[in-house]
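Student: This is the structure I want to talk about, given as structure tokens.
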Amino acid sequence: MKATDVLRQLGRPVAYYPNLVKQFKSVTATVLFCQFFYWHDKAHSELGIYKTTEEITEETGLTYKEQLTARKQLIALGVLSETNKRLEHRIYYKINLDRVNELLENTIENSPYSQTAFGENPIGNFGNNSLGSSLYTENTSENTTDIFNTDKSVFVDDKKIAQLDDDCSEENIPNTIQPKNKKQNTPNCPYQKIVELYEEILPELPRVAILTEKRKRYLNARWREHKNHQSLAFWEDYFKFVRKSQFLLGNSIPKERSKSFKADFEWLISPNNFVKVVEGKYV
């Protein structure tokens, strides 16, 4: 089988509008924007599009770090907003169409094409698989037609905000979440403040008389197992979610010959129970 036959079996190439690079100052940001724009009117949630990092990589070929940089640029330009649903461990993406229209007004007026600033046809077609986009590196030079340009500068609104090393090390990506496969400095777990949130939001449940070592271990494990858990806002949402369950609050009618159940702090932060609560097993 010829190599070109193999390419045809890999799926359709990802599409992007080359002239948008002049506005977004980055090929990867443009590729990501075009993919989100394609899915924009197909979103099932009013919060926008939900895509995992793995799904975006499969559809565009962009690596985790490339996605982080591209998202940072699109957010800075005002064309993309993100909603982080901590309990669901999901990030929703939404295109700001008004801002996009504003940015593109001058592009359309100065376009060499009579009908559109994007050309008669985009390059390739949108699809679930992508080969070509994996070849794209961060391109921020004036010549936007050279997709193999090795300049690793990151620009937002014509201002250089970072210079990425050859390995795109995370310390050079400003204000972004670090890749999951890199060790990070996890903030210390604020045990007492989480206990105070529990007692404030769930006064019906047993108070925490002693914060035992076992409870600290449970709480510290929950805190460290996901970056979304590492904020008091998450725990506030978690305890408010518990309030929705009559069973956990001890208000459900017990079955014959069984005792009524009421959750307590240690029960809510133990590994198996925590997962069940987050997944809505008791709502």
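Student: Tell me which residues come under 5 Å, amide H to amide H, from residue 16 once H is placed; ignore anything under 5 positions away on its chain.
Tutor: Here the answer is 123, since their amide H atoms fall under 5 Å of that of residue 16.
Student: State, to one decimal in nm, how far the label point of residue 204 lies from the label point of residue 231, with both points 7 Å from Cα in the Cβ direction.
Tutor: Roughly 2.8 nm, to one decimal.
Student: Let me ask something else. Under a Cβ-Cβ cut-off of 9 Å, what is the net charge of the residues other than residue 229 that fall near it, where Lys and Arg count +1 and Asp and Glu count -1?
Tutor: Cβ neighbours under 9 Å give a net charge of +3.
Student: A further question follows. What is the set of long-range amide H partners of residue 90 at a cut-off below 5 Å, with H atoms built 1.01 Å from backbone N?
Tutor: 85
Student: Between residue 255 and residue 103, what length comes free when the chain is fully extended (0.36 nm per residue of separation minus the Cα-Cα distance, one decimal in nm)?
Tutor: 48.5 nm
Student: Could you calculate the FRET efficiency of residue 96 with residue 39 from 1/(1 + (r/R0)^6), where r is the beta carbon distance between them and R0 is 22 Å, rounded to 0.05?
Tutor: 0.90
Student: At 0.36 nm per residue, minus the direct Cα-Cα distance, what do residue 272 and residue 214 gain on full extension? Give it in nm, one decimal, please.
Tutor: 19.4 nm
Student: Any idea what log10 I(q)/I(0) is at q = 0.16, 0.19 Å⁻¹ for the stretch 202-250, Debye with uniform C-alpha scatterers and no solvent?
Tutor: Summing over Cα pairs of the stretch 202-250 leads to -0.57, -0.79.
None of the figures in this text is laboratory data; all of them are computed from the coordinates on show. Not measured: the values here are computed from a predicted model. Note that each Cβ is placed from the backbone with ideal geometry, even for glycine, and that neighbours are counted across all protein chains shown.
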